[in-house]
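Each value in this text was obtained by applying a stated rule to the coordinates, not by laboratory testing. These numbers come from a predicted model, not from an experiment. Cβ: placed from backbone, ideal geometry, glycine included. Neighbour counts: every protein chain shown.
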């Protein structure tokens, strides 16, 4: 019996989210949303991940590991107002709203379009339309499938959504230039666009009072349109939600209590967005008819940053975060302040008497002297309230964590993407962008922040393929100030095995573990670093891209397509388990490591194996301690070039064989390494010698006549306990430059 759906081991056709330029807030979405589409990721049980597409064509990669959710955004536009996205969270709902959608939010554009709290099961962005007149509406990028009596249904593909986003950006710029009041229709006759099948957000029922919210723009006149968030800070479970400003006013029904309000005024040009943040704290609602005034003229301070060495700011994100007095609910308003396409004005605000208010600022910047940069900076600052002094300075280089990083590629030149998300202390939601990066690349990377700051990394192997990106990421982990480490990304051959928690992980977790009655096992793509986990996207056509089979003493426990692992019920007694897993990476269009196959066997019982270290999580845990499984793993360093080739001549491959972190030391009895011209099936065994501590050297020689050949690679090993691994990578490397 399996329970894989409960733990999110299999990726579902994923929903939209698309988070944004702001320090994002996205909770992992449960099933059921029709807000977005895209290929579903195929995942293992240690985390939940989905890739999502907004109605504007922006893509987001959402990963929840333990209590941390990270959102990495691949933008449809890289400049101008279309490149700016706002993230918001209230209660248990998270939203990602492109800036160009904000003037129409709550009117022509329903908030359900941007609710990323629930993934969808479709491969497209499905929408419902309301319209006037008898003619079927026509919208950029939207295919209408049915229309009758003022209501229509339709969809957008990831490609056509970019057309909608570009048209929406042009409309927002034109309306801003004309000083246009809030429209009654969008793109002709459409009065409302919402996510297909969406339902209203339900809030608890309390005696309600009508609150009038009056909004004044930065010039002192009424704000014609805008949106914001309102939360009860005595107890956020009583009330938290959107409000829309229309002709200077909004009316909401709320229970009595103290409130925090956040809203913004936005002005658009062809090249940028200017935003004035409005904040009200400790506002007491005691009865109906009260008026709360939000005044953009109080927003006068512009955030700025300095770094020890000159750097181009690629991302500057400001989050204003509020929590209620019970610490049971929160509100987060994230805004882009990246120079060049966004300008943000902040109102100095003291810490409130009721609940909390904090400002979190995060920076992503790089050296601009060469493509990709010789160095980059990623870090952040956390302030109580909103300070009047918005100048931020990064610490000296010696006080930062330095990571000497090499990004590999599967060709001499690839346009990939890199990202580092900053989790400031106490925050569990954060986001960043994927910054297009020419690969391969070697550079020094510096990370900084208050003590306890964690970082989640993501790397994209091919940024040109937006529909099926080749992601590898690493869970949130803490880096010590002043430390110096080395990192490699996307190094071939890609293998399929059990990942390790990252060093310094804030949520260490095992996916090869068990309790007395339950076992977790997942075999995931690794790029030669056991804490770098790859994503695999399911084919919208339905043709499987992965398969996982698990047996106990020859009896099948699980046999599934598009699965990388599972949690299964198991007896306490000793048994031999075998897992066979395959991945076809065709959708990411790799030139190397196109398919992987791993076949492992091991023995396990309720009383065998070391106990998981204190603080580690195991999806099998049912209130009892877990033990770790002796699953053999082999990682191969070809010692080749940064673009995946092995030069002609003689060299040695380093092969590291052993168990996952914490599972003990394997007593190996055999290790073999074989190569074959890709697709030939004619395997040749290489001479292998032990070099100590689970490492082996395999001698490989290539003659000039073999230049240009693509080679498959197979590693097999056994241990004294009867454990076995057979691990094959197709098109593992090329010979010659």
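Figures for the structure shown
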{"read-out": "Label-to-label distance, nm, for residues given as residue 191 and residue 559 (7 Å Cα→Cβ offset)", "value": "5.6 nm"}
{"read-out": "For segment 396-491: relative contact order, % (alpha-carbon pairs under 8 angstrom, 6 or more apart)", "value": "41 percent"}
{"read-out": "Backbone N within segment 645-689 under 18 Å of label point (7 Å from residue 586 Cα along the Cβ vector)", "value": "679-680"}
{"read-out": "Extension gain from residue 370 to residue 684, taking 0.36 nm per residue of separation minus the Cα-Cα distance", "value": "108.8 nm"}
{"read-out": "Shape category assigned to segment 396-491 from the gyration tensor of Cα positions, a/c cut at 1.5", "value": "oblate"}
{"read-out": "Within segment 488-519: backbone nitrogen closer than 19 Å to the residue 709 label point (7 Å, Cα to C-beta)", "value": "493"}
{"read-out": "Most to least packed among 636-642, 535-541 [average Cβ atoms within 10 Å]", "value": "535-541, 636-642"}
{"read-out": "Sequence of 173, 486 once ranked by neighbouring C-beta atoms within 10 Å, starting from the fewest", "value": "486, 173"}
{"read-out": "Nearest-ten-degree value, helix 158-178 long axis tilted from longest Cα axis of the chain", "value": "30 degrees"}
{"read-out": "Global geometry of segment 233-390, whether rounded, prolate or oblate, following the gyration tensor of its Cα atoms and the 1.5 cut on a/c", "value": "prolate"}
{"read-out": "Pairs of Cα atoms farther than 21 Å apart, segment 508-735, %", "value": "58 percent"}
{"read-out": "Within segment 493-519, backbone nitrogen closer than 19 Å to the virtual label 7 Å beyond the Cα of residue 406 toward Cβ", "value": "493-495"}
{"read-out": "Contact order relative to length of segment 253-320, as percent, for alpha carbon pairs under 8 angstrom and 6 or more apart", "value": "28 percent"}
{"read-out": "log₁₀ of I(q)/I(0) at q = 0.05 Å⁻¹ - the chain, Debye sum with one point per alpha carbon", "value": "-0.26"}
{"read-out": "Fewest-first ranking of 735, 55, using other Cβ atoms within 10 Å as the exposure measure", "value": "735, 55"}
{"read-out": "Value of relative contact order over the chain, rounded to a whole percent, pairs C-alpha under 8 Å and six or more apart", "value": "11 percent"}
{"read-out": "Theoretical ellipticity at 222 nm over the chain - DSSP helices of four or more residues, -39500 (n - 2.57) apiece, nearest 500", "value": "-1000 deg cm²/dmol"}
{"read-out": "Mean shadow area of segment 615-737 over all directions, Cα convex hull, nm²", "value": "9.5 nm²"}
